[in-house]
Amino acid sequence: MGALLEVIVENAADATAAQEGGADRLELVRDRASDGRTPEPAVVREVLAATDLPVRVMVRGEGYTAGDVEALRREAVAVREVGAAEFVLGFLDGTGQVDVGTTRNLADELAGCPWTFHRAVDHALQYQLAWDHAVSLGPDAVLTAGSAEGVEEGLGTLRVLADQQDVEGVTLLVGGGLRPDHVDELLGMGVRAFHVGRAALDGTAVDAGRVREWRRRVDA
């Protein structure tokens, strides 16, 4: 069986193209250009109707700090009410480390739902400490490039994390500046999950052909 391929989508058309191209899972966001924010409930409903793939819905405001926590909580409730059952979240605090309290409180709001701790971990002041905190919060995956600068700069860190993931019981989901030429090396390290955003686009829309090429690459 090939590695997991997750594709970022913004709408139902993106979701249809990603599924046609062979994606295993979708990450649904609003405003992909800003690294994603919570999508509108109507869009969540449309995407869930357009695909039978698992859809992880972003719960996030602007930036990597939580901002208005009560607003985020309301957004989480709203997208759950239209059928969202998997999520992406994670926040930093004012010291540049994982905001354990806020992230845990929001995760508790989504109790029983699988979720990914997203790339906030890459922007923490101390990476390994942030990774440890993120894992301790109970996600089933952590999305990371191993570096705020992207996968190319994070390869050394990703090698270490690939060895740790089974012990820690969390999936290392690699994304952020991911290029096709990284994939063979990452597979060789033991990475089993890949996250693709801009590299799956033709202009501003997900392209089934580009997703298909990624599918072939990660199945190699």
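The values are calculated or read from the model by the stated rules, or taken from the named source; none is laboratory data. None of the values given here were measured: they were computed from a predicted structure. Neighbour counts are summed over all protein chains in view; Cβ atoms, including those assigned to glycine, are modelled from backbone coordinates with ideal geometry. Heads up: the accessible areas ignore ligands, DNA and RNA and are worked out on the full protein's heavy atoms, side chains in. Shrake-Rupley method; radii C 1.70, N 1.55, O 1.52, S 1.80 Å.
Things to note:
- Hits in the range 71-102 - residues which are in contact (Cβ under 8 Å) with a residue 40 or more places away in the chain and out of contact with any Phe, Trp or Tyr (no Cβ under 7 Å at 6 or more places or on another chain): Val79, Glu81, Val82, Ala84
- Top-ranked residue in the range 128-149 [being more than 14 Å from the chain's Cα centre (by Cα) and not in a helix (DSSP H, G or I); ranked as nearest to Glu185 (Cα to Cα)]: Ser147
- Contact map, the range 122-139: first residue open to solvent by 70 Å² or more (accessible area, probe 1.4 Å), second residue part of a loop (DSSP other than H, G, I, E, B) and among the hydroxyl-bearing types (Ser, Thr, Tyr), Cβ cut-off under 9 Å, separation 6 or more or different chains; pairs are His123/Tyr64; Leu125/Thr95.
- Candidates are the residues of the range 170-183 that are surrounded by fewer than 16 Cβ atoms within 10 Å (Cβ to Cβ) and touching a helix residue (DSSP H, G or I) at 6+ places or on another chain (Cβ under 8 Å); the one that is nearest to Ser147 (Cα to Cα) is Arg179.
- Scanning the range 201-220 for residues that are farther than 28 Å from Asp163 by Cα and either hydrophobic (A, V, I, L, M, F, W, C) or open to solvent by less than 20 Å² (accessible area, probe 1.4 Å) (or both) yields a count of 4.
- Taken together, the residues in the range 184-200 that are within 20 Å of His118 (Cα to Cα) and either part of a helix (DSSP H, G or I) or open to solvent by less than 20 Å² (accessible area, probe 1.4 Å) (or both) amount to 10.
- Evaluation of Glu27 against (1) in contact (Cβ under 8 Å) with a residue 60 or more places away in the chain; (2) farther than 21 Å from Leu106 by Cα (one fails), failing number: (2)
- Verdict on Thr144 being over 20 Å from Val218 (Cα atoms), at pLDDT 95 or above, polar (S, T, N, Q) and touching a Phe, Trp or Tyr at 6+ places or on another chain (Cβ under 8 Å): no
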